[in-house]
Amino acid sequence: MPIAWLLLIRQPIRMITALIGIAFAATLILMQLGFRDALFQSSISLIQKLDTDLVMLHSKSVSSTSLISFDPSRLAMVEGISGVVDTVPMRWDYVRWRYQNAEQSRLAVAIGVSPTQQTFNDLLINSQQNKLINDDTILYDSLSRPEFGPVVKDFDSGIIPYAFVNSQRVQVVGLVSLGTSFGYDAAFITSDTTLANLTDLSIDEMEVGLIRLSSNVDSLSVLQAARKILPDDVIVMTKADFAEFERSYWDRSKPVGYVFMFGVVMGFLVGLIIVYQILYSDVSSHIQEYATMLAMGFRRGELMLIVLRESLLLTLLGYPIAYFFSLFLYSIVRESTSIKIYMTSERAITTFLILLVMAGISATFALQRLRDADPVEAFS
């Protein structure tokens, strides 16, 4: 290791260049993986807030961004199954939102619930849900993008905010925390009747059915019983399966998941090329020294280890730079987009292992130049 270190610091400019290149590649990988994880987490954040054990959807629904309505009688069919405690219908639709005097309308998600039935496992929502008994009232998501208007600021200052949803006026009577997603930038909760008035949705339909079970019941046995009696136009799944259902949609059905993985591959290739160029150049500039070491009795395998150690040192020195710079970039993204992107130990370790593989491959290619070291040429 001392020889590898001395070879690196002998040309500080080259070493700094290599560290910047590795840090850039690692930062690119950390950012792409961070965005990908944030995409998946944001897509299921609202699902995780649902107070339910099982979920019923139309069989043709592919994600929360394209839910299809179905007959509430389907949900009523499972009420007689042993272990089912309660069933709760929920509405879900995209609407046009325009805040007060704003000129431009934007697309937002509207969630319709019964004001008297608990739908979420969130105390903040449950404590305000009774406010939705009055028509044309909503609970606004405080984590919505700022482009949808200063709703939170106005509400906190005592001003009663109002907005136009599909050109109809609604009043904000409370704030909740739902979180944005790559599928929507704002959301609000309202009563099922208000949502039916605001949209073309029929009052006799629903998009999501929540099924709550008693605590001592096996959810899989209830799930199997429900599937036996329900027609093919609806599907039932556990809450965890619903979250995975949504996650898979963004991972496999939408190009955004592939784009982030392509960014990871590009970061890997960029780092691979940079480290290879640095190591190859270093071996070339010291080829006479390596030949001399061979003449002194060093084995060629020992010289290869020196090059491998150089690549390891560059990785160990470049990765911390990328790690802390990524933390800084994550904070900027959170503040500017409301996307919950945080560093995780799993992502940090995964990226470091990717860099080690990258460094190993780069060193392997650079070792081809070391084979040109000839003791005879060194002393001719």
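The values are calculated or read from the model by the stated rules, or taken from the named source; none is laboratory data. The shown structure was predicted, so the numbers you read here are calculated from the model rather than taken from an experiment. Here the Cβ is made from the backbone with ideal geometry for all residues, glycine too, and neighbour counts use every protein chain on show. Side chains are part of the model used for accessible areas, which takes the heavy atoms of the whole protein and leaves out ligands, DNA and RNA. Shrake-Rupley method; radii C 1.70, N 1.55, O 1.52, S 1.80 Å.
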- Task: Please find, in a Gaussian network model of the chain (springs between Cα atoms separated by less than 10 Å), the residue of I349, I321, I111 whose mean-square fluctuation is greatest.
- Result: I349
- Query: Helix 345-370 versus the longest principal axis of the chain: what is the Cα-based angle in degrees, 0 to 90, to the nearest 10?
  - Reply: 30
- Message: Using the Cα atoms of region 194-252, I'd like the radius of gyration and the largest Cα-Cα distance, Dmax, both in angstrom.
- Response: 14.8, 40
- With every protein chain in place, the chain: carbon and sulfur % of accessible area (1.4 Å): 58
- For region 1-142, Kirkwood radius (reciprocal of mean inverse C-alpha pair distance, Å): 20.3
- Item | 3J(HN,Hα) from dihedral phi, region 195-200, Karplus parametrisation 6.51/-1.76/1.60, rounded to Hz, x for glycine, proline | 5, 5, 6, 7, 10, 8
- Could you quote the convex hull projected area for the chain, Cα atoms only and averaged over all directions, in nm²? 25.3
- Task: Express the accessible area of region 27-70 per residue in Å², computed with a 1.4 Å probe while the remaining protein chains stay in the model.
- Result: 29
- Message: If you take every DSSP beta bridge fully contained in region 73-229, what fraction is antiparallel? Give it as a percent rounded to 5.
- Response: 70
- Whole-Hz ³J(HN,Hα) from phi, Karplus 6.51 cos²θ - 1.76 cosθ + 1.60, for region 114-125, glycine and proline x: 7, x, 9, 10, 6, 10, 10, 9, 9, 5, 5, 6
- Determine one quarter of the surface area of the Cα convex hull of region 242-314, which equals its mean projected area, and express it in nm² to one decimal. 7.1
- Could you work out the Kirkwood radius for region 88-196, taking every pair of different alpha carbons, averaging 1/r and inverting it, reported in Å? 13.7
- Item | Choice from A163, A110, A295 with maximal GNM fluctuation in the chain (Cα, 10 Å cutoff) | A295
- Given charges of +1 on the Cβ of Lys and Arg and -1 on the Cβ of Asp and Glu, with all other atoms neutral, how large is the dipole of the chain about its Cα centre, in debye to the nearest 20? 1040
- Run the dipole for region 1-79 about the Cα centre, Lys and Arg Cβ at +1, Asp and Glu Cβ at -1, nothing else charged, and hand back the magnitude in debye, nearest 20. 620
- Which peptide among 8-18, 203-213 comes first, and what is the full order, when sorted by highest mean count of other Cβ atoms within 10 Å? 203-213, 8-18
- Would you kindly calculate the mean projected area, averaged across all directions, of the convex hull enclosing the Cα atoms of region 121-250, in square nanometres? 10.2
- Message: Order 76-83, 152-159 from most to least packed using the mean count of other Cβ atoms within 10 Å.
- Response: 76-83, 152-159
- Accessible area per residue, 1.4 Å probe, Å², for region 90-222: what's the number? 44
